Ligand SMILES: CC(C)(COP(=O)(O)OP(=O)(O)OC[C@H]1O[C@@H](n2cnc3c(N)ncnc32)[C@H](O)[C@@H]1OP(=O)(O)O)[C@@H](O)C(=O)NCCC(=O)NCCS
């Protein structure tokens, strides 16, 4: 059954009793780095096996610290007690006019793909961003990334742009799809109202 989403409203998460969503901690850094490294080595999503994209544990620790200070969500999904994925949101742009808009990333452990982790993690991230007073959420998805396109669609994101040949990896140009969803009351009222 298709679920009709009220614009900006909460996304009904799929019930999966063995999946727990919680804020990440420094103890999760090694697993998160391993998940990220796996996906860049496969060139999946918006990443493409470039040396510059390697993520070092200290970089991730630093990033988490900065995000905590700015009260930006950085979440992990645990399945059967193991970290099975993570997701976070950062400012869409640095300029203050864009301070109510975030862009996000989500990565699921290769052993736990297509098991409903994304469908639990992304709604939790959306909820955390809305609770933080943010109003819009933006994602960029490789046009070939069927799993991410589907996940975002089921979580209430709309395709708002198609960016042609903006990436180059593995000897080929790649297109990106820009997706967006409102958070909370979106643009219905002014922030702080
Ligand atoms: C994209 C990603 C986060 C999805 O996470 P996941 O836990 O595997 O997804 P789920 O099992 O929750 O499935 C979410 C939806 O996508 C669908 N889906 C999952 N894998 C799919 C695939 N390979 N092809 C098509 N649809 C797929 C599911 O059927 C589900 O749709 P439904 O709600 O209509 O049933 C995961 O594939 C991933 O980490 N990919 C590598 C990194 C990446 O691409 N990140 C996103 C960058 S924009």
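GNM, the chain, Cα, under 10 Å: largest mean-square fluctuation among 171, 81, 118?
So, out of 171, 81, 118, the one fluctuating most is 171.
Could you please state, rounded to a whole Å, how far the C-alpha centre of region 107-141 is from the C-alpha centre of region 151-174?
A separation of 17 Å, based on Cα centres.
Taking springs between alpha-carbon atoms closer than 10 angstrom, which of 136, 37, 172 fluctuates most in the Gaussian network model of the chain?
Greatest mean-square fluctuation among the candidates belongs to 172.
Classify region 104-182 as rounded, prolate or oblate from the Cα gyration tensor: take a ≥ b ≥ c as the square roots of its eigenvalues, call it rounded if a/c is under 1.5, otherwise prolate when a/b beats b/c and oblate if not.
oblate
May I ask for the Rg/Rh ratio of the chain, computed from Cα atoms with Rh as the Kirkwood radius, given to two decimals? Intermediate results must be reported in sequence, preceding the final value.
Working: Rg = 16.3 Å, Rh = 17.3 Å.
Ratio of gyration radius to Kirkwood radius for the chain: 0.94.
Quick one: among 140, 98, 162, which has the greatest mean-square fluctuation in a GNM of the chain with alpha-carbon springs under 10 angstrom?
Result for the chain, Cα springs under 10 Å: 98 fluctuates most.
Per DSSP H run of at least 4 residues, take -39500 (n - 2.57); add these up for the chain, divide by its residues and hand me the 222 nm value, nearest 500 deg cm²/dmol.
It comes out at -8500 deg cm²/dmol, rounded to the nearest 500.
Which FRET efficiency value, to the nearest 0.05, is calculated for residue 150 and residue 98 with the Förster distance at 25 angstrom and r the Cβ-Cβ distance?
Once rounded, the FRET efficiency stands at 0.35.
Rule-based calculations on the coordinates, nothing more; no lab input. Since we're looking at a predicted model, the values are computed, not measured. Every residue, glycine as well, gets a Cβ built from its backbone with ideal geometry; the counts of neighbours run over all protein chains shown.
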